[in-house]
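The structure appears below as structure tokens.
The values are calculated or read from the model by the stated rules, or taken from the named source; none is laboratory data. Just so you know, these numbers come straight off a predicted model, no measurement behind them. Cβ sites come from the backbone with ideal geometry, for glycine too, and all protein chains shown count toward neighbours.
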Amino acid sequence: MRSLLFLLTLAIGAVIGLGLTWVTTVNGYGPGLVRSGPWETWPKAGTETADPYARAALARAGELPLELADGIAFTATTDSNGRALDGRCDIRLSGSLPQARFWTLTATDNQGRLIENAAERTGFTSAEVVWNRDGTLDVALGPRARPGNWLPTGARDRIVLTLRLYDTPVGLANRTSDAPDMPRLLVEHCPWERSS
């Protein structure tokens, strides 16, 4: 009877421990989240000092993060007003980007897969975009082609934007106050909304 009680206690402890770890890592890389508007990053996820939750999340996702010395990746799943990024809507990314030698902007579905589209474009690099005269950037995202910097969303209901900054002086501790100013994201129009 004692051995059965011991095994039951061990099983309950394992289920609770694994369950809490899964809940902690399912939406990110555990503690250490830094936010700047809708953009989120876990600056220590790719370092030797990454906490066990970040390591578990990376192993579960099968990702290889950037080492902080190489760069940093910011993700966004909502716009600057907290509205979910819906690929069926017209979305605008605008403003200045943090200083970096090179950057990439990629749109994926909510499972992290690149979005197939007729334009065969899944992202932009700093060498490809057309800049505004004042050094800012405007990128239109949506299911229909737009002039200028257009990134197709394939009309997916949820999309994730990832902005990777390479060789950047952006250094972050685990405080939101350390986060750089990031470009603004705005869901401008959805087909089911009436024009006024």
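Points to keep in mind about this one:
- Matching residues in the stretch 88-103 - criterion: being among the hydrophobic types (A, V, I, L, M, F, W, C), assigned to a loop (DSSP other than H, G, I, E, B) and farther than 26 Å from Pro191 by Cβ: Leu97, Ala100
- The residue that is modelled with the lowest pLDDT, among those in the stretch 1-44 that are under 30 Å from Pro169 (Cβ atoms) and of a type in the set (Lys, Arg), is Lys44.
- Qualifying residues in the stretch 104-147 (those that are assigned to a strand (DSSP E or B) and under 14 Å from the mean Cα position of the chain (by Cα)) - the one surrounded by the fewest Cβ atoms within 10 Å (Cβ to Cβ): Leu114
- Any chance Ala73 is assigned to a strand (DSSP E or B), among the hydrophobic types (A, V, I, L, M, F, W, C) and within 10 Å of Leu161 (Cβ to Cβ): no
- Residue selected from the stretch 148-196 under the condition in a strand (DSSP E or B), aliphatic (A, V, I, L, M) and closer than 17 Å to Ser96 by Cβ, by the criterion modelled with the lowest pLDDT: Leu165
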